[in-house]
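Taking it in order: structure first as structure tokens, then the write-up.
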Amino acid sequence: MVGDQSKLSIYGKDFDYSVIKGTVGPDVIDIRKLYGQTGAFTFDPGFTSTAACESALTYIDGDEGVLLHRGYPIGQLAENSNYMETCYLLLNGELPSAAELKDFSWTISRHTMLHEQLMSFYSGFRRDAHPMAIMCGVVGALSAFYHDSTDIADPDHRRISSHRLVAKMPTIAAAAYKYSLGQPFMYPDNKLSYTGNFLRMTFGVPAEEYEVNPVIEKAMDRIFILHADHEQNASTSTVRLAGSSGANPFACIAAGIACLWGPAHGGANEAALNMLREIGTPDKIPHYIERAKDKNDPFRLMGFGHRVYKNYDPRATVMQQTLREVFAAMKVTDPLFDTALKLEELALSDPYFIEKKLFPNVDFYSGIILSAIGFPTTMFTVLFALARTVGWVAQWNEMISDPAQKIGRPRQLYTGPTERDYVAIDKR
Ligand code: ACO
């Protein structure tokens, strides 16, 4: 909705720009004509003040610690919904009826298998390959298998590709894990839930029956919900930018996976658990807090801080609660949980973290719970990618359906040499 006009004074002249209002959240100043009118660009590396798109999917109020998917608070979805229903919500905009959910779950289950030739891609990787490297390669390779659904201008093709990606991701992720162990790949069993099926393909073996533990299934499903979408973060923006050129969805999601891998983003859950292991016992925490505060030391508290949340990440609250439930149900404990709780307590009472508004993010507790379920650290970001795929495809679909969509093309502040003549090699 276009609201007031905003006057910007540049080079001594006034220019009017519309202020656009969303349904909630900060207004945006529409500066699309700025370059044409003033000859100047804006400068915002890291996009700290720039809205790059319009979206109706996910809303975050970082100051209040609020996260809504299509208007529904993440806490309510984590408590009452399930991952398949949340996927439907993100893809279609509304919660499904019972019949719609049944139909959607059935459709997803029809796409869980991988082409046998795709399975042979795995053997090209070294046995010790990081599973995220395998994910980038295998998901990108899906482009070579589904020529029937890569006309991105066709909504049906987009829908089928979206369903394929959501459906195949657990099979691809589980196979990456199996390959690292040297165990046979497990075919999907569509009698099981989306999450139960993933657990069986990951932890089951063909030689034995695998019984899905309902407590683990529920916890895992909730972890998937917590990671399903998160507005215009780095990997989602990567998917949008890749998709803006008209690239096929499989290639775009592979680009998102590559971006997610970084330790400042999805790789933080792996880094957070490694950090907790390095800290070891609560008595060592003060030393690491001092290191995190030391500007000359590159060490940061992993799983702490967030570009958008300047309050407790609401996903971290649910994650901590889920962790307690899993530990109680499995009758296990992990001293790292005590270390994590103590670290949180000490950091949150330290002026450095208070002033900079650094709180635990979703990754702070996720590593402990995933480790308790039995995943090695290298699989943590893979699980994140699996769950985030629905958010990526929903955002990609939203972008492609927007008639105003243009190829993404940021500008730059050039600071290199001005034009100069080429110098022959013997004259340099
Ligand atoms: N430990 C110690 N200091 C920190 C931390 C941290 N975890 N995070 C931020 N700071 C400090 C910075 O040093 C900086 O201090 P300064 O103002 O004195 O220079 C200030 O807080 C602001 O930090 P920035 O890096 O400028 O904030 P930005 O918004 O760019 O970064 C980020 C956010 C990348 C998440 C950062 O907080 C971080 O590196 N955290 C650790 C990694 C992590 O947990 N990532 C997961 C994010 S959630 C996700 O992707 C699902």
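The values are calculated or read from the model by the stated rules, or taken from the named source; none is laboratory data. Computed from a predicted model, the values in this text were never measured in an experiment. Virtual Cβ from ideal backbone geometry, glycine too; neighbours counted across all protein chains shown. The protein model used for the area step is the full one, side chains on, heavy atoms only, and it has no ligands, DNA or RNA in it. Shrake-Rupley method; radii C 1.70, N 1.55, O 1.52, S 1.80 Å.
In the calculated pair-distance distribution of the range 30-160, the portion above 25 angstrom amounts to 57 percent of the Cα-Cα pairs. All Cα-Cα separations within the range 85-189 were binned at 10 Å from zero, giving a P(r) of 13, 41, 31, 14, 1, each value a whole percent of the pairs. Full extension of the segment from Ile354 to Lys13, taken as 0.36 nm per residue of separation minus the current Cα-Cα distance, would add 118.6 nm. Gyration tensor analysis over the Cα atoms of the range 106-256 returns equivalent ellipsoid semi-axes of 26, 18, 16 Å (largest first, whole Å).
For Gly267, the residues 5 or more places off, or on other chains, whose built amide H falls under 5 Å of its own are Gly262. Per-residue Karplus couplings for the range 397-406, computed as 6.51 cos²θ - 1.76 cosθ + 1.60 with θ equal to phi - 60°, are listed in order as 4, 4, 5, 5, 6, 7, x, 8, 5, 10 Hz, Gly and Pro entered as x.
A Cα-only calculation for the range 271-428 places Rg and Dmax at 22.3, 76 Å. How much accessible area per residue does the range 28-159 have, in Å², with a 1.4 Å probe? It amounts to 56 Å² per residue over the range 28-159. Across the chain, how large is the tail of the calculated P(r) beyond 27 Å, expressed as a percent of all Cα pairs? Of the Cα pairs, 56 percent sit more than 27 Å apart.
Within straight-line reach of Lys102, meaning a Cα separation under 18 Å, sit the following aspartates and glutamates at least 8 residues removed in sequence or on another chain: Glu85, Glu94, Asp189, Asp221.
Pairs from the table (Lys21/Lys295; Lys218/Lys284; Lys284/Lys310) lying more than 28 angstrom apart at Cα are Lys21/Lys295; Lys218/Lys284. Here the Kirkwood formula puts the hydrodynamic radius of the range 1-93 at 16.0 Å, using every distinct Cα pair.
The smallest convex shape that holds all Cα atoms of the range 355-428, its convex hull, gives 317 Å³ per residue.
For the range 337-428, with only Lys/Arg (+1) and Asp/Glu (-1) charged at the beta-carbon, what is the dipole magnitude about the Cα centre, in debye rounded to 20?
Details: 10 positive and 11 negative charges, 99 e Å.
Value, rounded to 20: 480 debye.
Beyond 16 Å, what share of the Cα-Cα pairs of the range 282-322 is found? Please give it as a whole percent. That fraction is 52 percent.
Rank by packing, highest mean first: peptides 50-56, 391-397, with packing defined as the count of other Cβ atoms within 10 Å averaged across residues. If you can, show how the numbers build up before the last one.
On the way: 50-56: 14.7, 391-397: 26.3.
The densest-packed peptide leads the list: 391-397, 50-56.
Protein heavy-atom accessible surface, 1.4 Å probe, per residue over the range 288-416: 46 Å². Applying D = kT/(6 pi eta Rh) to the range 186-230, where Rh is the Kirkwood radius over alpha-carbon pairs, T corresponds to 4 °C and eta to 1.567 mPa s, the Stokes-Einstein value obtained is 117 µm²/s.
Taking a straight Cα-Cα cut-off under 19 Å and skipping sequence neighbours fewer than 8 places away in the same chain, the lysines within cross-link reach of Lys178 are Lys168. Per residue, the chain reaches -15500 deg cm²/dmol at 222 nm when only DSSP H runs of four or more residues are counted, each adding -39500 (n - 2.57).
Among 272-281, 157-166, 81-90, how do they line up by average Cβ neighbours within 10 Å per residue, starting with the highest?
Result, highest mean Cβ count within 10 Å first: 81-90, 157-166, 272-281.
One decimal place: the segment Ser97-Ala264 gains 56.3 nm when fully extended, by the rule 0.36 nm per residue minus the C-alpha distance. Rolling a 1.4 Å probe over the protein heavy atoms of the range 238-319, with every protein chain left in place, gives an accessible area that is 57 percent carbon and sulfur. Taken along its principal axes, the alpha carbon cloud of the range 137-180 reaches lengths of 38, 17, 11 Å, longest axis first.
Cross-link partners of Lys427 among aspartates and glutamates, defined as those whose alpha carbon lies under 19 angstrom from its own and excluding same-chain residues fewer than eight positions apart: Glu419. Max-minus-min Cα coordinates of the range 305-345 on each principal axis give 36, 18, 12 Å, with the largest extent listed first.
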